Each structure stands twice: as C-alpha cells, then as structure tokens.
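Remarks on the structure that follows.
The values are calculated or read from the model by the stated rules, or taken from the named source; none is laboratory data. Keep in mind that what you see is a predicted model, and the values were worked out from it rather than measured. Here the Cβ is made from the backbone with ideal geometry for all residues, glycine too, and neighbour counts use every protein chain on show.
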Amino acid sequence: MKLSYYPGCSLEGTALDYDQSVRELCVHLGVELADIPDWNCCGASSAHMTDHEVGIRLPLRNLLQVAGSGHDILVPCAACFQRLRAADKEMRDNPGHWDIVGSIPEFEIVHISTFLARPEILEKIRDKVSQPLSGLPVACYYGCLSLRHPHITGAPNWEMPVNLERIIEALGAKPVNWSHRTECCSGSLTMARPDIARKLVGDIAAAAKRAGATAMVTDCPMCQANVESRQLDLGGEDDLPVFFATELIIAAIEGKYPKKQQKVHLVSPDVVTQHFDSTATEDSA
Amino acid sequence: MNNTSISPEDRNKKFLNKLKERDIDVQACYQCGRCSAGCPIGEFFDLNVMEVVRLATYGMEEPLLNCHTIWLCAACETCATRCPNDIEIAGLMDVLREIALRKGVTPAEPRVPLFHKAFLGSISHWGRAYEIGMIAGYKINSRDLLGDMKLGLNMFLKGKLKLTPHSIKGKSDIKQIFSGKGKEYDR
Ligand code: SF4
Ligand code: SF4
C-alpha cells in the first residue's frame with residue numbers, strides 16, 4: 001500500500017521522534033510513504049484564527065502538490081489533519097473561489113489513528129506484537145483537532161471516539177474509562193497564556209490519575225508537548241508521561257523501549273521502560 | 001454582561017453580511033447556553049460564549065472587537081459541535097479576530113496576536129514554522145523574555161528544538177498567499 005505523507009512542522013522539530021516512529025511503523029506494516037513534495041506549513045491555529053484566506057490557502061497548496069497522485073494522504077499531526085481537511089472541504093465546496101483549475105483531485109486525508117484502527121491494520125499489529133503491554137492502565141487522550149468539527153474531520157464519534165482505545169487494546173494495555181478524553185489542553189494558548197494551559201493540563205492529568213492511569217497516550221503532537229511540559233510547571237508529584245500511540249506500538253512489536261526514545265520525554269517514561277525491563281528479566285529467568 | 005442599549009439603528013450590516021458570507025447563522029441562536037457550558041476556557045472569558053453570539057446577532061461589533069474572549073478562545077470547536085442549531089461559533093471567533101486586526105483595534109490580550117504574528121512571520125519567511133526563530137521573535141515583541149526559560153532550556157537539552165530552519169522551494173507561492181491572494185477583489 002502506498003500513501004502520500006504530510007509530516008508537518010512539529011514533526012520536524014519538537015516531535016521529531018513522532019515522525020520517526022510513524023515511518024518505522026509503516027515499514028513494519030508494509031506501507032510505503034511518499035512525502036508531499038516541497039510541502040509547506042499548514043498555518044496551524046494562528047493562520048485560520050487571524051486570516052481566513054491565508055488559513056485555507058496554506059494547507060491548500062499542499063493538496064495541490066499531490067493533486068495527481070491518486071493516493072490518500074496520511075497525517076500524524078491532529079492540527080495539520082484538521083487544517084488540510086478544512087482546505088479540502090473548501091476546495092470541493094467552492095473550487096472557483098480558491099482558483100482551482102481543472103478537475104478536483106480525488107483522495108482522502110486520513111489521520112494516523114483512524115488509519116491504524118482499521119480492522120486489517122489492527123490485525124497486522126496484533127500479529128506482530130512480541131511483548132504485549134499487559135495490564136498497563138493508560139488514559140487515551142484525543143484532545144480537539146482530530147475530532148472537531150466533525151463537518152471537517154469526518155470523525156464518526158467525536159464525543160466518544162474509540163480509535164486510540166482499540167489500538168492500545170491491540171497492544172494488550174488496559175485503557176481506563178475517564179472524563180477528559182476529548183477536552184482541550186489549550187495548546188494554541190500555551191505560549192501567550194501559560195497560566196490557562198497549566199489549569200487545563202492540571203485538570204486533564206488529575207482526571208486521568210483519578211481513573212487509575214499511569215500513563216497517557218495521544219496522537220496529537222501539540223497535546224503531547226503541552227501536557228508533559230505544563231505538568232512539570234505545576235510541580236506536582238507523579239506526573240503522567242504522555243506517549244504517542246505509534247511509539248508504544250513499536251515498543252510492543254520490538255519488545256524494547258530504547259534509551260534514545262526514553263530521553264525525549266520531559267516526564268519520566270519509567271512505567272513503560274520498567275514494563276519492558278521486567279518482562280525481559282522474566283523471560284531470561 | 002454590559003449595559004449597552006441595543007437598537008436596530010446600531011446594527012453593523014457589513015459585519016452581519018460577513019457572517020452570512022461565511023455561513024455563520026447567528027440569527028439561529030435561541031440562547032440555550034450549551035456553547036458556554038462546554039467551553040474549556042469559559043472561566044477566563046469576560047463575555048461568555050452565548051453572550052458573544054447574542055451580541056453578534058444584534059450586529060454589535062464594537063464590544064466584541066474589544067473583549068478578551070475573542071483572544072482567549074482556543075478554537076477547540078467544542079461550542080460549535082454542541083450547538084443544537086449548528087452555528088459555527090468558532091468561525092465567528094475567527095471572523096471577529098480578523099476584523100479586530102484589520103481595524104487595528106488594540107487587542108485586550110496583546111500577547112495572543114503577537115504570538116500569532118511571530119508564528120506566521122516564520123512561515124511567511126521559510127514556508128515552514130521554525131520554532132526557535134518563532135519563539136525568539138515572540139519573546140522579543142511581547143517582552144516576555146523570562147517566561148518559560150526553564151521549559152525552553154529543557155526542550156533544547158532534549159534536542160527537541162531544531163537548530164536550522166528549512167526553507168521550501170515554493171517560497172513565491174507562500175509570498176503570494178501572504179500578500180493577499182484571494183482578497184484582490186474585496187474592495
Ligand atoms: S449553543 Fe447555539 S443556540 Fe445555544 S446559546 Fe450557544 S449559539 Fe445559541
Ligand atoms: S472554540 Fe473557543 S469559545 Fe468555543 S468552546 Fe472552544 S475555546 Fe470556547
């Protein structure tokens with residue numbers, strides 16, 4: 001299977017390891033990724049929040065770069081996904097306004113978890129797991145932009161999504177039932193109003209802990225960075241590490257959680273590291 | 001809520017037309033309050049979400065352009081997805097911010113638009129966001145030099161901040177977009 005791939009700017013910077021884990025996972029799954037040639041920033045929240053034309057034309061340029069490819073577009077970042085989908089909808093609803101010449105390209109823009117939670121892909125993942133994350137209680141955290149607005153994202157269950165839970169269950173971990181799965185962490189405000197970000201992240205982490213989680217799993221790079229870093233600011237005890245679903249899948253497939261991966265977390269990822277250490281010693285015993 | 005009296009005379013018809021163009025049907029609001037109830041930032045707002053919609057139905061642009069709410073809204077879309085009348089409230093917030101910037105209204109939360117400006121400046125220059133350059137630009141303009149020092153240093157030590165920007169080839173496309181492509185026939 002071949003897909004066009006839009007990494008987006010965070011996956012070149014603060015979430016570089018997310019990009020690496022997606023690419024590595026696709027190799028395991030036999031999925032070939034073709035980066036969108038000369039892709040540009042989707043504009044993130046800042047563009048659409050302040051300038052509608054710029055907010056659509058930036059992501060639209062990326063879609064036009066792969067107009068003739070015929071491949072669906074895989075997007076790991078929830079914010080990029082939402083912006084590309086918004087441009088896609090505008091392009092289809094109002095091609096004249098957006099200066100689309102010729103026929104409208106045919107492809108679907110797919111967010112990583114929607115892709116990974118397809119039954120046939122889950123089946124492959126299940127087959128490849130060598131060291132399940134048995135019993136690890138995790139809080140699956142979606143945040144906003146892969147779900148809302150459903151008119152744009154096409155998410156079928158935007159209030160009660162299930163993709164991350166399905167993926168985590170395929171690894172043998174135990175998703176907890178909790179209240180804040182789709183609450184906003186205010187990533188777009190985190191630089192300008194860190195006080196608001198701390199409040200929202202504090203509430204989210206507290207809710208996850210109340211439900212018994214020892215780690216969080218997400219598919220949004222903004223949530224990952226914001227929830228880990230703002231927990232540190234709050235200076236509480238037993239902060240929850242936030243993992244990308246893809247890094248946990250690879251760990252379960254390869255049966256280890258490498259040093260290099262441990263180092264990128266601002267909150268100690270020991271719960272997962274220890275899990276693999278202890279299963280490794282059980283094996284050798 | 002403020003005590004400004006509301007009269008059809010004061011309606012800003014241009015503003016109402018703009019909302020119509022963007023399919024934001026504020027007239028459909030029956031003040032049920034679901035938007036305000038689910039807003040994650042609501043406690044920090046001066047006008048709550050349903051108040052923003054109400055003022056918009058009356059075309060009362062001025063208090064809206066001057067409020068804190070439009071800058072503190074995180075564009076999470078919770079309000080819009082839950083509105084029983086399918087009003088694109090987050091889109092309304094976008095329109096309000098855009099008009100406030102175009103009119104040069106002094107923003108009630110100056111740091112927020114400064115952040116957007118720094119972020120977009122980096123994109124218009126390179127075609128992609130360059131985190132270090134963007135953060136430096138924001139810090140200098142907002143004079144918030146010391147905030148988040150520890151976090152920045154932490155990210156730096158973790159190798160999370162990319163040291164050199166990537167410049168795309170199609171910079172002329174990006175330049176066109178930022179110089180007002182699509183707005184040629186606005187006036
Ligand atoms: S949810 Fe919709 S109808 Fe209800 S108050 Fe808000 S905008 Fe009005
Ligand atoms: S989009 Fe803005 S106003 Fe609506 S719920 Fe989110 S933060 Fe509140």
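Among (1) surrounded by fewer than 21 Cβ atoms within 10 Å (Cβ to Cβ); (2) closer than 20 Å to A:Ala225 by Cβ; (3) more than 7 Å from chain A (Cβ to nearest Cβ), there is one condition B:Glu184 misses while meeting the rest; what is its number? Failing condition for B:Glu184: (2).
The set of residues in the stretch A:27-69 that are out of contact with any Lys or Arg (no Cβ under 7 Å at 6 or more places or on another chain), over 23 Å from A:Met222 (Cα atoms) and more than 10 Å from every other protein chain (Cβ to nearest Cβ) comprises A:Val27, A:Gly30, A:Val31, A:Val66, A:Ala67, A:Gly68, A:Ser69.
Restricting the first member to the stretch B:10-33 and to residues that are touching a residue at least 60 places away in the same chain (Cβ under 8 Å) and at positive phi, and the second to residues that are within 16 Å of ligand 2 (Cβ to nearest atom) and outside any helix (DSSP H, G or I), the beta-carbon pairs closer than 7 Å and six or more apart or on different chains are B:Asp23/B:Glu88.
For every residue, the table says whether it meets (1) modelled with pLDDT of 95 or more; (2) more than 28 Å from A:Gly172 (Cβ to Cβ).
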{"site": "A:Val31", "(1), (2)": "yes, no"}
{"site": "A:Ala47", "(1), (2)": "yes, yes"}
{"site": "A:Asp51", "(1), (2)": "yes, yes"}
{"site": "A:Ala67", "(1), (2)": "no, yes"}
{"site": "A:Ala87", "(1), (2)": "yes, yes"}
{"site": "A:Ile104", "(1), (2)": "no, yes"}
{"site": "A:Pro119", "(1), (2)": "yes, no"}
{"site": "A:Gln131", "(1), (2)": "yes, no"}
{"site": "A:Val138", "(1), (2)": "yes, no"}
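A single entry from A:Ile125, A:Ile112 fulfils the requirement of being in contact with an Asp or Glu (Cβ under 8 Å, 6 or more places away or on another chain) and closer than 21 Å to A:Glu254 by Cβ: A:Ile112. Taking the criterion of being more than 16 Å from ligand 1 (Cβ to nearest atom), crowded, with 21+ Cβ neighbours inside 10 Å and basic (Lys, Arg), would at least one residue in the stretch B:93-105 satisfy it? Scanning the stretch B:93-105, I find at least one residue that is more than 16 Å from ligand 1 (Cβ to nearest atom), crowded, with 21+ Cβ neighbours inside 10 Å and basic (Lys, Arg), so the answer is yes.
Residues that are buried (at least 23 other Cβ atoms within 10 Å of the Cβ) and among the polar types (S, T, N, Q) within the stretch A:134-177 comprise A:Ser146, A:Thr153, A:Asn163, listed in sequence order.
Can you give me the number of residues within the stretch A:134-169 that are away from chain B (no Cβ under 14 Å) and part of a loop (DSSP other than H, G, I, E, B)? Of the residues in that region, 4 qualify. Checking each residue in the stretch A:259-281 for being of a type outside the set (A, V, I, L, M) and more than 14 Å from chain B (Cβ to nearest Cβ) picks out A:Asp270, A:Thr273, A:Gln274, A:His275, A:Phe276, A:Asp277, A:Ser278, A:Thr279, A:Thr281.
Results for (1) buried (at least 21 other Cβ atoms within 10 Å of the Cβ); (2) at pLDDT below 95; (3) of a type in the set (Gly, Ala, Ser), shown as yes or no for each residue.
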site	(1), (2), (3)
B:Cys73	yes, no, no
B:Glu77	yes, no, no
B:Ala136	no, yes, yes
B:Asp144	no, yes, no
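Counting only helices (runs of 4 or more DSSP H) wholly contained in the stretch A:72-133, the ones carrying 1 or more residues that are surrounded by fewer than 20 Cβ atoms within 10 Å (Cβ to Cβ) and β-branched (Val, Ile, Thr) occupy A:119-128.
Quick one: which of B:Ala56, B:Ala90, B:Ala28 is within 13 Å of ligand 1 (Cβ to nearest atom) and surrounded by fewer than 19 Cβ atoms within 10 Å (Cβ to Cβ)? Of B:Ala56, B:Ala90, B:Ala28, the one residue that is within 13 Å of ligand 1 (Cβ to nearest atom) and surrounded by fewer than 19 Cβ atoms within 10 Å (Cβ to Cβ) is B:Ala28.
Any idea which residue in the stretch B:14-47 is nearest to the other protein chains (Cβ to nearest Cβ), counting only those that are part of a loop (DSSP other than H, G, I, E, B) and within 12 Å of ligand 2 (Cβ to nearest atom)?
Ranking the candidates gives B:Pro40 first.
Among the candidates A:Lys256, A:Lys209, A:Lys263, the residue that is within 20 Å of the chain's Cα centre (by Cα) and surrounded by fewer than 19 Cβ atoms within 10 Å (Cβ to Cβ) is uniquely A:Lys263.
Reported count of residues in the stretch A:172-212, each being of a type outside the set (D, E, K, R), more than 10 Å from chain B (Cβ to nearest Cβ), touching a residue at least 12 places away in the same chain (Cβ under 8 Å) and not in a loop (DSSP other than H, G, I, E, B), is 6. Scanning the stretch B:53-85 for residues that are within 14 Å of ligand 2 (Cβ to nearest atom), in contact (Cβ under 8 Å) with a residue 40 or more places away in the chain and within 14 Å of another protein chain (Cβ to nearest Cβ) returns B:His68, B:Trp71, B:Leu72, B:Thr78, B:Cys79, B:Ala80, B:Arg82, B:Cys83. Taking A:Leu200 as the residue in question, decide whether it is buried (at least 19 other Cβ atoms within 10 Å of the Cβ) and within 16 Å of ligand 2 (Cβ to nearest atom). Criteria met by A:Leu200.
A count restricted to the stretch A:222-258 and to residues that are among the small types (Gly, Ala, Ser), within 11 Å of another protein chain (Cβ to nearest Cβ) and under 21 Å from A:Ile167 (Cβ atoms) stands at 1.
Residue check: is A:Thr273 of a type in the set (Ser, Thr, Tyr), more than 23 Å from A:Gln82 (Cβ to Cβ) and touching a residue at least 24 places away in the same chain (Cβ under 8 Å)? No. B:Leu65: surrounded by fewer than 23 Cβ atoms within 10 Å (Cβ to Cβ), farther than 21 Å from A:Met191 by Cα and away from ligand 1 (no atom under 16 Å from the Cβ), yes or no? Yes; evaluated as a whole, the condition is true for this residue.
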